Each structure stands twice: as structure tokens, then as C-alpha cells.
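Reviewing the structure listed below.
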Amino acid sequence: QTGEINVGILLPLSGPAAPIGVNSLNGHKMAVEEINASGGIPTLDGATIKLVVADSGGDPKNGLTQAERLITQDNVVTIMGAFQSSVTYPSTQVAEKYEIPYIVPSSYKPEITERGFKYTFRLCLTTDLAGREQIEFIDRMGKLSGKTVKTLGLLYENSDWGVSSAALWKKYAEKYGFEVVMDEAYPANSATLDPVVRKIKRHKPDALLFASYTSDAILLAKGVAQQKINPMVYMGTAGGHADPVFIQNVKDASNYYFDMAETSPDIDLPIARETNAKYKKLYGEDMSDDCIKCYTATYVLAKAIEIAGTTNPKDIRRVLANIKMIPGQKGIITPYGVEFDEKGQNKHARGVFVQTLNQKRVVVYPSELALPGANIVWPTPTWQER
Amino acid sequence: MSVLEIQSLSKSFGGLMAVSKFDLTIEAGQTIGLIGPNGAGKTTIFNLITGAYTPSEGTIRFEGQEISGLKPWDICLKGIGRTFQVVRPFLNRSVLYNVMVGAFSRCESKARAKAEALDVLAFTGMLAKKDMPAKGLTIPDRKRLEIARALATRPKLLLLDEVMAGLNDTETREAIELVHRMLEEKKIAILIIEHVMEVIMSLSDRIAVLHHGQKIAEGTPDQVARDPKVIEAYLGDEYVAA
Amino acid sequence: MSLLEINNIDVFYGQVQVLHDLSLSIDDDEIVVIIGANSAGKSTLIRTLSGQNPVAAGHIRFGGQAIENRPSHEIVEAGIVQIPEGRRLFPFMTVEENLMLGAYNSRAMPELKQTLQEVLELFPRLAERRHQLARTMSGGEQQMVAIARGLMAKPKLLMFDEPSLGLAPLLVKEVFNIIPKVREQKIPVLLVEQNVKQSLALCDRGYVLENGRMVIQGSGEELLRNKDIKKAYLGA
Amino acid sequence: MKDEPGVGLSRLKSPNWYLPILMLVLLIGNPLVLDSTTYIQVSILVLWYACLTASWNFVGGFAGVLPLGHAAFAGIGAYTSTLLFMNWGITPWIGMLVGGVLAVLAALVIGIPTFKLHGAYYALSSIAVVEIIRIITENTQSIFGIQVNGTQGLLVPLKGHAPLYFQFGEKIYFYYIILAILILIVTIAYKINNSKLGYYLVAGGEDQEAAESLGINVTRCKLIALSLSAFFTAIAGTFYAQLVLYIFPQGIMALNLSFEIAFIAIIGGRGTLLGPVIGAMILVPIGEISRIYLSGSRFLGIHLMMYGAIIVVAMLYKPQGMMGSFEKWYWMLVDKLGGKSPNAG
Amino acid sequence: MEYFLEVLINGVLTGGLYGVTAIGLTLIFGVIKVINFAHGTYLMIAMYAAYGVCVGFGMDPYLSMILIVPFSFAVGYVSQVVFVTPCLKAEKDVREPVSVLLLTAGLWIFVNNLFLMLFGANFRSLQTPYSGAVFEIGNMMISRTLLYAFCFSVLTTALLTVFLKKTNMGRAIRAVGQDREAAGLMGINIFKVYNVAFGIGIATLGVAGAIIIPMFYVHPFAGDVYDMRDFVIVVLGGLGSVPGALLGGIIVGVVESFAGEYLNMSWAAGIIYIIFLLTLFLRPQGIFGFEKDS
Ligand SMILES: Nc1ncnc2c1ncn2[C@@H]1O[C@H](COP(=O)(O)OP(=O)(O)OP(=O)(O)O)[C@@H](O)[C@H]1O
Ligand SMILES: Nc1ncnc2c1ncn2[C@@H]1O[C@H](COP(=O)(O)OP(=O)(O)OP(=O)(O)O)[C@@H](O)[C@H]1O
Ligand SMILES: [Mg+2]
Ligand SMILES: [Mg+2]
């Protein structure tokens, strides 16, 4: 039995967030297949990684049970997951108790790394960082182009993620001197968002900031196009706007949307683009943000195990706490490196800005990540000009 | 003191005056018959007395106390029991269970309620069917159950709404017998609605006749049966002959 | 061969046998009455004929055709129509709609307009109130609607289950006036009644049901004179 | 179990006595024998659901109405104890009782108008009530200076292993706590079932008007039932908060949970003493096991499909719930062992 | 003022759309006395079917109704035969059989996840020439698809109302709803009527599916979005009343539109529920409902 290393994956594979769960899972899977195909973990006689997948259904108490099960029954050496912060938050407690590392590729809730846990490591941004980057970007672009944004409209689904994003937008808007003329929470699964669209029409904010899931991102984009509303800037916060399905559904109404993603398949990082091409062949679509982070997280873990040279979770944790990886290194296809601070938060996590041009997402900022020729369109042309 | 004293009782449904200016007095131990054509307002009067409807106007006194406006359960606890014209047993429960529900109104413990219920069932001749589910009873049996259930609340005044419909002459006789025994052993006053004249005539001390919500006659059975207004509105001429 | 023949049927409610080895027949143009104590099984018999209760053993033939254990609607189709105990009108429909529903079978449907005309002639009071909701009609009027609805079906046999139940004496008389009118239309009648005297006076033949068994049968007059019946049902 | 001859210990020879005791012993010994934390965790969930369904049964079963909004009470319990703990450091052990009392108050406020409605109208109104409570909570950031945090929910402050604060390092504690709560609920249900209140609830559920004519204040009885139900549901809510240590409106006061409670209870057998508990003991493990073994496969949502299929099949073959069969088997067993079953004569 | 008018018009039109999604629910309740928890699921099936036909054959969504409506009818008819009827037969004395309610809930979970398995979790939208089109009246922009949807829903309501009032089958459907045993005694094959009623109820969702897809998305859980709102609508309009469903839909649409406008969409649902409860307390049988039905 030279070696199978069980790694637990906790994701929402049923319920409304299932599509994201599946995308994320695919990221993990592709990474594991690559790692195993290229000889497994060299320091462990080529032991292979085996994913043990658990479905949280997006429900915190299921998250608890499943984490418990992954650890005590499947003897996983590490857990990765769990997308929804509401699941990640309680399930990391289980891992902490059993002293099993828990890598969080994509849960934004700041508190997850604020409890002094020693076994929780977050790869991605927090809401706090994301909000700041978005406002900063709008500020900087306005100053650079001379076409400054003065007023903001905040549109966000009314659960944890949306509401906490909005709180931070407000905080940084004040700091950077923007006026918030519209502050609109809405339920993600609405049959119509027309009233929200009409409000945008009435308040005419210069920039629209979205924290949307796919369904509402689609409805809002359709509505704005229909009512021919002309804001200077659309700014998404990954989520629905990063879902490849968004463009497929709204077609050219998706043009000129900025999206504060953490990464993108087309960043100026060859390995990322190659990986994406390979993925596209396998799964028929581009890698989503979450998919990329999960892919990367898997490689981070593999590296940690390799360095540790053992499958003892405590050793893996020790390695993780000190690991240092840079973009472009094997498997690291995020635009930022990986290095965890003492709380377990990735010090380098940051955003990249993507703009949809001709129904394709293009990395436009920061410029060192943008491909040559990828230029920002600022401000958005009016509907008449398009 | 009269058991029940109704004065100038009226009830309208929208535009329809179902009962208007109805007066009636019942003395202890009496049986009063209430007759009238279909839709005359008889059942409505029961519903008013028992608090299922609130009167538009008028007073109802039970043992000298005003009871209109009280809730149905309070009125029951004061001592008025009723049956429903369209019977309403608790269909999915046994006969015994049905009667125990009534008996609980006078006691707290299950054992007491059960003993009480068995008594009443014996009294009404339903003991043999005590474990049958109520939905298996025929309509006359359900009516009997309805009486038993009401009796179990130990009423001082019992309102019977067409409990003898659907009985043949012999069965009717037995039922009349039961009512007589109730009057004697349990000493209750009875207000009875019935379309079967044999019953009404032989049971009632007095009869009130209702037509379009108004009382058109009141008196002894003989007086009423000869009243031309009653004959015209209700009995038909055959009865005069008979 | 009679129009309706019931041969030795057994009927149960769950475990309890209600009808035992029961036989009965009805000929064309007859009024047949069934009397019996309550719980004797009279309604059960009618319900069984209408397909509302299953037959455990025995046969029922109507016009030569076996009809036991057929669903209600097929039995109506065959021509047996029941006017149920307690009227069972459709409360939130008008009188006219109720009547039209009466004709919901392939025999009656094509002639609906004409039958409606005839029936309303027979019950002028209903003609006046054809647009009134059934639930707002008085008890007697409702009984009339129920009978009229039965006639709308163009029945080959009409069954009444205690049609006088709960009616004021005047209306009882009216109901007993209607039944011969039905026969005048050449429709045989099966009548279940507690009003023993009046119904036996009206019928051609009668049966007595006791505890689910047929115990006596004979012409109306015979039964009226029968001592046992007098004692058991007429309270003499 | 009635009319059993013999006194004291000699009674234990009859299966009528030793079978229930045996089952109780099994429940108590269960985690010690099968010492796997996943298993214990699943058992905790089973018992937690059983508490919810057994509480629901006070109204949904005995009183014969169909409430579909019980998560509201769980939410009230969870939020009350957590807020008391966060803001004033009051231990959830006390917060749990306060939550229960608040839930009772809410039950009264909700129950008085809604019990005027019947059938589907009542059921749908109960949905509206839980939704309103959820929406209000979701849209409230803070009230009277107390941070409610809207949709973001509340994080229960961590204390490590602190029994005084209802936090434990080991799952086994939770197991025994929830088991004790369940036993308490079932005992109360048993008492009610055999009391005046039980008879009155059934009567009121079957025919309100008839019941009222027999001296029953049906609405009051239903309110008592709803209050009891709300109280214990709220306690289960606090338990959840302490187990998961994170609560938010969509998690603890949502329709999903409300439906789940009602559905499990009905599949088990509403209105019977143990039906809802049995429902939880069958459905929750099936849900968990199928989640473990079927999810993550190529077939998205297959375990939920199976769950749905089980409900469909259960309703086609056992529309009155599973309790009927269980009762039959149980008494057959009692008969076999020489005990006395109620239909033995 | 114009602005107010725009909000109102939008509310009415959206409400009309909601109405048509709820007609089937109210019809089925009227006959079988069961809240069909799988209602949104059937809508979702119709939406997939319409989407499939439109994308597959390049058909116009409104034209696709000629296929989708009969298809939905068949789906409803078959579900009734296979699932609901057996369950109803087992509980024939119960007026509002809870087991059937639960059965539909089971179907809801089962079919939603079946579709998730079959078609994946991706959102799909239908692009039509008029998807984003508007009628401009002054500053008001009224969505064309929404206006069409409204027209279809009024038409559907009217047709169905006439059908129920004037045809034999329509009367039979109402009769079965009021007294199934008596209906049987009229010669009505009640189980056939159930099948037809369920079929028609789901067929109206065929209309709904076809008019929704030009402006909404298709997803295995897309129908659930309408579920709770439809429950509110049918109760407001009176369970069992078809015109009531349209009216209830419009009320909900208008309330939602104004609440969305003057508060926000997160509160809108709450406001609707509050109005719903208030209506129930004042008039427990709903606006068009019958007293005895409550
Ligand atoms: N809740 C109600 N709403 C509207 N009208 C009602 C109501 N209850 C009774 N009525 C009407 O009041 C009138 C009197 O009805 P009631 O039931 O008292 O008649 P009744 O004398 O008992 O007749 P029957 O002998 O047929 O039982 C009828 O016209 C009836 O339709
Ligand atoms: N739904 C049922 N379930 C179980 N038993 C029933 C049911 N309906 C009737 N019975 C039983 O069947 C027997 C015959 O009932 P049936 O209604 O036929 O009597 P009936 O002769 O019509 O009496 P009545 O004069 O009271 O109408 C009765 O003993 C009754 O208890
Ligand atoms: Mg009456
Ligand atoms: Mg009978």
C-alpha cells in the first residue's frame, strides 16, 4: 500500500451553489490527476493523492458532519473547501480540534482567519481586501483618464457575502470621497429585478458595483441593457460575473463589465494559460476563478506534503505555515504567490481586474498581468455609441 | 327562575333576516318543541343560543344570567348542550373517545372521564358500539352518539336538532323513550327541533312555530296543530284531517 | 328477466359484513320500496348498486349486463341513477349548472336542452330560480333540485335514499307526490324510506331488510297488512 | 402497558416493561459501543431532528393543523441565546430558557390570529410568518444597539471546552444533552396524549365547531400546544447554535428547515407519540449516508433525488406514516416474547 | 408622475406574469384540495421544454406554445395517473390529504435534482429579437416581452374561466372540486377529471414557461423562484379561483414593484407576506374564495 494520501474536499455539490461546487471540484481533480500522473509525491515513494469528496449542500451543519467524517472515517490528512463562508467557518473548527490542516481556497469571510486557528490556511482574498481594491481601482482609473467617477451605486445580493462587500465599499467610498447614491440589497433568487433596474435608472450612479450570483447578475445585466442605462463603469466582484455562463446568457450586454477577480485564465502567465487550455479541452469551458484557486490550492498542498515528506497532518501544517510559492511555479496559476501569515491568511492574495470585451474576459489590470494589447475601455461607451 | 329566557332575538345574514324578534321561555324540566318550514330559522336559533353566532339584537338569559356574546365553550360549561343537525362526530376516533371528550368538560382525570362516558353510553344504549370508529356509524347512530356526547357534558338544557330524522316509527318510539328517560333521570330541560310530528306532538309541553324567522304561533301541541297559520305554512291540510 | 337483478351479494365495510347473501329484483315501470331498521344496510345496498361499495360475492345484472364492482360513472352510463341521502348538491353552482351536471352521461348529454326544458316544466319553482346558487336554496327546494338532477340523467332506474329526510311535513307530501310523476315518465323507482306507511302505500312491491338480510317481500298492500311489519316499523 | 399485573421489579419480566427500557439503554449506550465520532455526529443530528419533529408534533400532530414554519422558533431560540451570550456573557444554558420563553411569546402572538384559519390557509400562513421573521432578521443590522448582523449572522464566541458555557471539546456531551431533551419532550407528549388536553387537541383538530359545543376552547388548547412546541423547538435552536457555533437566518430560520421538520414528522406518522421520532431516525441517517456515499459522484444531486424518491414512495405506500407498521411489529414482538399487546384481547 | 405610472405599469404587467404561473396551482387545489409543492418544478420542466424547442428547432418562443402546452398537459396528466391518483385513492375520505401534499414535495425534490443531473447546473438564456426590446412612451420604457406575457396571461385566464363555466368538462371539474362522491353519481369519471384537471393546471405552466424564457433564465431550480410567491397569490385570490389567481398575481406584482421602488427588493417579499396575512385575517377565504372552502 505504498501510498494513497487521502485529501478531503468539502464543497456544495447539491443545492443552488452546486455549479460552483462542481467547477471547484474539477479544479481539484485536474490538479490531482496531473500530480499523480507525473509520479505522485516524490518524497513519499510516489504516493498518489486520492480525493475524498463530501457534499455540504451549502448547509453549515452538514459541513460539520462531513468534516467530522472526512477526518475520522476517511483519515484525510488535509481538508480543502468549503466555498460558502457559512460552511467553512464551522467546519474549520472541526479540523482545528483534530489538528488537521484545512486549506480555504475561496471563502471571503474575514473572521475565518481571525480566530487564531493554527490549522486554517486561506489562499484567497478577504472581503475587506477585495472592497478596497475595487474602490481604489475606480479612483485611480478616474484620475488617470480624467474621466472621474463621482457617484457609486451598490447592488448586492443580501446574504453574508453581498452585505459584507457593501459594507466595505461604503467604508472605502468615504475614504476616497465617492458619494454612494444607491445602496441596494436584493434577494439573489428573484423572479424579477426590474425595480432595482428602475432605481439605477433614477439615481444614475456613475459606477455600478455588483456583488451578484449568476442568476441575479444575468437579470440585472439584461435589465440595464433593456432600459439603456449608461453608467460609466460596471464593476463586478467575481461570483456571478466571473461565471462563464454570465456571458453566454447576456451576450453583448456583458461587454465593458469590469470584474474584480482574483485571477483569470488569460493572465500574462504562460502556465496559467496552458492549464486553462488543457482544462477547456477536458471540460469544455474556461476555468472559473474558484476552479483556478482550487487547482492552485491542490498544488500548494502537494508541495507541502512533498516537503514534509510524511503524511502526518501536524507536519504538513508546519510546512504550510512556512511555505512560499510564487506564481508560475508548478501548479501555481494564480497571479499571486502563496505565503501564509501567522493567522493563516495568504499575504499575497490580491485582485486582478478583468474587463469583458467582445464577450471575452480580458485581464486589463494590473498591467504587468495584462497581455500586450489588452487595453482598458474607460468609461463605458453609451448604448448609442456601441 | 326560568332555565332559558329569550327576548326579542334577531339575526340577519347580509340582507336576510333569518330570525327576527323571537321570544321564548323554558322552565326547568320542560320540553319545548320548535317547528317550522325548512329555512325558517330554527337551527339559527340554536346557533344563537350556543354562541356559534352572535345575535344582531336581543337577549338570551340562562338561569337568569345573560349569555349572549359568550363563547360556545363557556356556554357549554354553563350547562347548555347541543346536537348538530348535520352531525359532526370526531370521525376518526372511537365512540368512547367521542363521548370522553364531552365528559372531560366536568372532570380532569382520564379515568373519571372514561367512567362517566361509559355511563352515558349505557344510558343511551350505545355501549355495544363503544370501540367502533365514529365513521362506521350510520346516520341515526351518529345522532345518538351526538346526544351521548352532549349528555356527557351534564347539561341542564339540551338542544336537540332533528335527532330523530331518518328513524322508522318503531325506532322513533325508542328515541322518544330515551328522551323521556332523560327528562326523568337527568332532569334536564329540552328544546327540540323536529319535522316528525309524532315526536313533537308526544314530547313537547309547548310548541313554538317559526316561519321566515318569525314566531307565528306558540302553545300546546293541540293548539298549534289546529292553528290555521301553522297548517298553511307548515303542516298542510292532511294533518287537520288526521 | 327483470330489469335489475341482484343475486346473493355480500358487502363488507373493512372486516364487517353489512349485506348478507342478498337478492332482489326490479321490473320495468315498478316502484319498489325497501324498508328496514336503521343500520339494516339500505343505504349500503343503494351505494353498492351505484358502485360506491365493492361487492365481495354475488352478482348484479342490469338490463342483462353485469354491473357489480363497476365504478360509479359506468353505472350511471348504464342507466342507474341515485339521488343520494342528504341531497349532495354542488353548493357553489347554480341550480341550472347542477341540473346540467345531472346530464353528464352519453345518453343524456345530446338531449340536454330538451330534458332541461321538460324537467323545469315538472318543477316550475326551479325554473324561477335557475340562476340561484344551490347552497342558498331552502331544504325543500334543494331536495327538488336533487330529484330534478336525477331526472336529467335520463335514468333507466332511479334510486332514492330517504328523500323525505329532514323535510317539513308539507314538503314531505310534495316529495311523495313527485315519485308517482317519475313513474309516469316510465322510469322505475327504487325507494328507501323510513316513512314506511306512505311509501308502502305508494309502491308496487316492497322488501324488508334486517341486519343486511332480506327477510320479507311482497306487494305494498301485503306488507302494510303484515303483522310483523306493523310491529317492527309502524309502531303499532 | 396498562393493567399489567405484578409490582416492582417483577414487572420487568414482562416485555411490555423491559422492551422500552432496553431501547432506552440502547440509546444511552449507543455512543459508548459504537465509538466513532462521525457516527456520534450523525446520531446527534438524528436526535436533534427528532427533538424538532417531536416538538412539531404537539401542534402538527395532536392538534391536527399543518404548521410549515417551525424554523421561526428554532431561530428565535438560537438568536436569543447567542445574543445574550455575546452581549452580556449570559451562558446559553440560561439563554436557552430565555429563548424558549420568547418563542412561547412569539407563538402566542402568531397563534392567536393564525389559528382562525383552517386547512391550507393555516399552512400557508405559517409559511408567511416564518418568512416575515426571516426577512426582518435579514434586514436588521442592529436594534437597540444590539448587533443582529442581518444576513451575515452571528458567530458564537468560542470558549473551548467550557461546559458552563454550553461548549464542549467532545461531541459525546452534545449527544447526551440532546438525548435528554428528546426524552423530556417525548415524556411530555406521552403525558399530554393521555390527558384532557390531548383529547381536547384531537377533538379540536377534527372538528372545531363540534369541539367548542362540548366546552372546549379550541384556540386556547392549540395555543398551549403551540407554546410547548415553540418552547422545545427554541431549545433545539439554541442547541444548534452551540453545536455549529454560527447562525444566520437562512440556516436556522428558513423554509427548508421548516419543511424538513414537517415532512419528517409526517413520514414518521404525525399525531402518534413516537412516529415523528421514528421518522427522524429513518430519514436523517438515510440522508446522511446517501450524502456520504452518493455525492461527489458524476451525478450531481443524486442523493437528493433518492431522498425525494423515498418521500414519494413512502407516501404512496404508507400515507399515514411509518408508525403504523412499527407499532404492529413492536406488538408482534411483544406477543412473541409473551407480553401483552393491546389487541390481544 | 410618469415615474409613478411606470412603476405601476411594470407592477401590473409583472403581476400578470405571476398570475399565469399561479393559475395551475389554484386549479389543482380547487379540484384535489392539495397544495402542489411541485408546482415550480413543473414550471421548470415547461421552461426547459420551451427552451429546448426554441433552440433545437429555432422556433419562436410564443409559437412554441403549440408544442409546449400539449406537452405540459401530458406531463401533468401522466403525473396524476402515476403518482397522485394512487395516493388519493388511499386517502379517499380525507378532504385535504396531507400525504398528497408530501408526495408533491417529494416529486419537487426528486425532479429538480434529476434535472440537475441531466442538464447540469448552468443557467441558460434564450436570445430572441425582442428579448431586450421596449416600447417607449415618453420617458417610460415598457418591456415588450413583459407586455406580451401579460397579454398571454390575461388570455389564458379568460379562456380557462370560460372553459370552466361553459363546457361540460369545465363543470365536471368544478363539480369534482365541490363534492367528489356526488360528482361520481352524476356519471363523472372523477379520476379522469383529476387527470384532466392536473393536465390543464400544468398546461397553463406551458404557457407560463414559453412567455418567461425570453426574459428569464432556465435552470433546474428556476421554477422554485416562483413557488412561494405563487402560494401567496393563490391564497390572496382565493384557493380554487382562476380569475382570483390573476388578480392575486397583479396585487403581488404591484406591491412588489412599489416595495422594490420605495424600500428595496429584500423587503418586498416581506411586505407581500404581511399583506397576505392581513388579507387572510380580514377575509380568511381570500378575495375570490368561497366561505366554506376556507
Ligand atoms: N351562516 C349563514 N350565512 C348565511 N345564511 C345563513 C347562514 N346560516 C343560515 N342561513 C340562512 O338562514 C335561514 C335559516 O336557516 P336555518 O338553518 O336556521 O333553517 P332551519 O329552520 O333550521 O331549516 P331546516 O328545517 O331546513 O333545518 C336559511 O335561509 C339559511 O340559508
Ligand atoms: N363508511 C362505513 N364504514 C364502516 N361501516 C359502515 C360505513 N357506513 C356504514 N357502515 C355500517 O354498515 C351498516 C349499514 O349501514 P347503512 O348506512 O347501509 O344502513 P341504513 O340501512 O341505510 O340505515 P339508516 O336508516 O340509518 O340510513 C351499519 O352497521 C353501519 O355501521
Ligand atoms: Mg335546521
Ligand atoms: Mg341510510
Is it true that D:Ile112 is out of contact with any Cys (no Cβ under 8 Å at 6 or more places or on another chain), surrounded by fewer than 21 Cβ atoms within 10 Å (Cβ to Cβ) and within 14 Å of chain E (Cβ to nearest Cβ)? yes
Reported set for segment C:1-32 where residues are open to solvent by 20 Å² or more (accessible area, probe 1.4 Å), within 14 Å of chain B (Cβ to nearest Cβ) and either in a helix (DSSP H, G or I) or not small (Gly, Ala, Ser) (or both) is C:Phe12, C:Tyr13, C:Gln15, C:Val16, C:Gln17, C:Val18
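Residues are listed down the side, and each one gets a yes or a no for (1) open to solvent by less than 10 Å² (accessible area, probe 1.4 Å); (2) farther than 24 Å from C:Leu45 by Cβ; (3) more than 16 Å from ligand 4 (Cβ to nearest atom):
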{"position": "C:Arg125", "(1), (2), (3)": "no, yes, yes"}
{"position": "C:Glu128", "(1), (2), (3)": "no, yes, yes"}
{"position": "C:Arg149", "(1), (2), (3)": "yes, no, yes"}
{"position": "C:Asp161", "(1), (2), (3)": "yes, no, no"}
{"position": "C:Pro188", "(1), (2), (3)": "yes, no, yes"}
{"position": "C:Asp204", "(1), (2), (3)": "no, no, yes"}
{"position": "C:Val215", "(1), (2), (3)": "no, no, yes"}
{"position": "C:Gly220", "(1), (2), (3)": "yes, no, yes"}
{"position": "C:Arg225", "(1), (2), (3)": "no, yes, yes"}
Consider only pairs whose beta carbons are under 8 Å apart and that are at least six residues apart or on different chains; among these, list those whose first residue lies in segment A:111-132 and is open to solvent by 10 Å² or more (accessible area, probe 1.4 Å) and whose second residue is among the aromatic types (Phe, Trp, Tyr). A:Glu111/A:Tyr89; A:Tyr119/A:Tyr102; A:Thr126/A:Tyr108; A:Arg132/A:Tyr172
Please verify whether segment D:121-136 includes one or more residues that are more than 14 Å from chain E (Cβ to nearest Cβ) and open to solvent by 30 Å² or more (accessible area, probe 1.4 Å). no
Does segment C:47-64 contain at least one residue that is within 16 Å of ligand 2 (Cβ to nearest atom), within 14 Å of chain E (Cβ to nearest Cβ) and more than 27 Å from B:Ala165 (Cα to Cα)? yes
If you take just the helices (runs of 4 or more DSSP H) that sit entirely in segment A:257-352, which of them hold at least 2 residues that are open to solvent by 20 Å² or more (accessible area, probe 1.4 Å) and at pLDDT below 90? A:270-283
Return only the number of the condition from (1) open to solvent by 10 Å² or more (accessible area, probe 1.4 Å); (2) within 16 Å of ligand 1 (Cβ to nearest atom); (3) among the aromatic types (Phe, Trp, Tyr); (4) part of a helix (DSSP H, G or I) that B:Trp73 does not satisfy. (2)
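Report, by residue number, each residue of segment C:33-55 that is part of a strand (DSSP E or B) and either over 12 Å from C:Leu209 (Cβ atoms) or within 16 Å of ligand 1 (Cβ to nearest atom) (or both).
Within segment C:33-55, the subset part of a strand (DSSP E or B) is C:33-36, C:55.
C:Val55 - this is the single residue of segment C:33-55 that is part of a strand (DSSP E or B) and either over 12 Å from C:Leu209 (Cβ atoms) or within 16 Å of ligand 1 (Cβ to nearest atom) (or both).
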Counting only residues that are farther than 12 Å from A:Arg273 by Cα and in contact with a Leu (Cβ under 8 Å, 6 or more places away or on another chain), segment A:325-342 contains a total of 3
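Which of the residues spanning segment E:53-85 are free of Cβ contacts under 8 Å to residues at least 60 places away in the same chain and not in a helix (DSSP H, G or I)?
Scanning segment E:53-85 gives E:Gly58, E:Met59.
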Step by step: first the residues of segment C:158-190, then only those that are within 14 Å of another protein chain (Cβ to nearest Cβ) and of a type in the set (S, T, N, Q), then the one that is nearest to the chain's Cα centre (by Cα). Which residue is that? C:Ser164
With criteria (1) away from chain A (no Cβ under 11 Å); (2) open to solvent by 10 Å² or more (accessible area, probe 1.4 Å); (3) closer than 26 Å to D:Arg134 by Cα, D:Asn256 comes up short on (1)
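Condition check ((1) facing another protein chain (nearest Cβ under 7 Å); (2) in a strand (DSSP E or B); (3) surrounded by fewer than 23 Cβ atoms within 10 Å (Cβ to Cβ)) across all residues:
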residue	(1), (2), (3)
E:Leu107	yes, no, no
E:Asn112	no, no, no
E:Met117	yes, no, yes
E:Thr128	no, no, yes
E:Glu136	no, yes, yes
E:Phe150	no, no, no
State all residues of segment B:37-55 that are near ligand 1 (Cβ under 6 Å from one of its atoms) and outside any helix (DSSP H, G or I); if no residue qualifies, say none. B:Asn38, B:Gly39, B:Ala40, B:Gly41
E:Ala49 vs (1) touching a Gly at 6+ places or on another chain (Cβ under 9 Å); (2) within 11 Å of chain D (Cβ to nearest Cβ); (3) surrounded by 21 or more Cβ atoms within 10 Å (Cβ to Cβ): all pass except (2)
Which condition breaks for E:Val82 when tested against (1) over 22 Å from E:Ile200 (Cβ atoms); (2) surrounded by fewer than 19 Cβ atoms within 10 Å (Cβ to Cβ)? (1)
Given the criterion touching an Asp or Glu at 6+ places or on another chain (Cβ under 6 Å) and away from ligand 4 (no atom under 16 Å from the Cβ), identify the matching residue among B:Ala117, B:Ala208. B:Ala208
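Can you find a residue that is surrounded by fewer than 17 Cβ atoms within 10 Å (Cβ to Cβ) and either closer than 28 Å to B:Arg181 by Cβ or acidic (Asp, Glu) (or both) anywhere in segment B:41-60?
Checked segment B:41-60: at least one residue is surrounded by fewer than 17 Cβ atoms within 10 Å (Cβ to Cβ) and either closer than 28 Å to B:Arg181 by Cβ or acidic (Asp, Glu) (or both).
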So the check is Cβ under 6 Å with 6+ separation or different chains; which pairs have a first residue in segment A:138-157 that's in contact (Cβ under 8 Å) with a residue 40 or more places away in the chain and a second one that's of a type in the set (Phe, Trp, Tyr)? A:Met141/A:Trp378; A:Ser145/A:Trp378; A:Leu152/A:Phe178; A:Leu154/A:Trp169; A:Leu155/A:Phe210; A:Glu157/A:Tyr213
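Would you check if C:Gln82 is within 16 Å of ligand 4 (Cβ to nearest atom), at the interface with another protein chain (Cβ under 8 Å from one of its Cβ atoms) and open to solvent by 30 Å² or more (accessible area, probe 1.4 Å)?
Working: within 16 Å of ligand 4 (Cβ to nearest atom): yes; at the interface with another protein chain (Cβ under 8 Å from one of its Cβ atoms): yes; open to solvent by 30 Å² or more (accessible area, probe 1.4 Å): no.
In short, no.
Those residues that are charged (D, E, K, R), in a helix (DSSP H, G or I) and more than 9 Å from chain D (Cβ to nearest Cβ), I need them from segment A:65-107; list them, please.
In the first step, residues of segment A:65-107 are kept if they are charged (D, E, K, R); the result is A:68-69, A:74, A:96-97, A:99.
Pick out the ones that are also in a helix (DSSP H, G or I) and you get A:68-69, A:96-97.
Matches in segment A:65-107: A:Glu96 only.
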Can you list residue pairs whose Cβ atoms sit under 7 Å apart, with the first residue in segment A:213-240 being closer than 13 Å to A:Tyr256 by Cα and the second being part of a loop (DSSP other than H, G, I, E, B) and β-branched (Val, Ile, Thr)? Count only pairs 6 or more apart in sequence or on different chains. A:Asn230/A:Thr382; A:Pro231/A:Thr380; A:Met232/A:Val149; A:Met232/A:Thr380; A:Val233/A:Val149; A:Val233/A:Thr380; A:Tyr234/A:Thr380
Suppose we filter C:Glu111, C:Glu121, C:Glu96, C:Glu74 for residues that are at the interface with another protein chain (Cβ under 10 Å from one of its Cβ atoms), of a type in the set (D, E, K, R) and surrounded by fewer than 21 Cβ atoms within 10 Å (Cβ to Cβ); which single one remains? C:Glu74
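Can you pull out every residue in segment B:26-36 that is within 12 Å of chain C (Cβ to nearest Cβ) and either more than 27 Å from C:Leu165 (Cα to Cα) or more than 7 Å from ligand 1 (Cβ to nearest atom) (or both)? First the steps, then the outcome.
Pass one, segment B:26-36, residues within 12 Å of chain C (Cβ to nearest Cβ): B:35-36.
Residue satisfying the conditions is B:Ile35 alone.
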Could you tell me which numbered condition A:Lys143 fails, if it satisfies all but one of (1) open to solvent by 10 Å² or more (accessible area, probe 1.4 Å); (2) in contact with a helix residue (DSSP H, G or I) (Cβ under 9 Å, 6 or more places away or on another chain); (3) among the charged types (D, E, K, R)? (2)
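The values are calculated or read from the model by the stated rules, or taken from the named source; none is laboratory data. These numbers were taken from a predicted model, which means no experiment stands behind them. Heads up, the Cβs are rebuilt from the backbone with ideal geometry, glycines too, and the neighbour counts pull from every protein chain shown. Please note that ligands, DNA and RNA were not included when accessible areas were found on the heavy atoms of the full protein model with its side chains. Shrake-Rupley method; radii C 1.70, N 1.55, O 1.52, S 1.80 Å.
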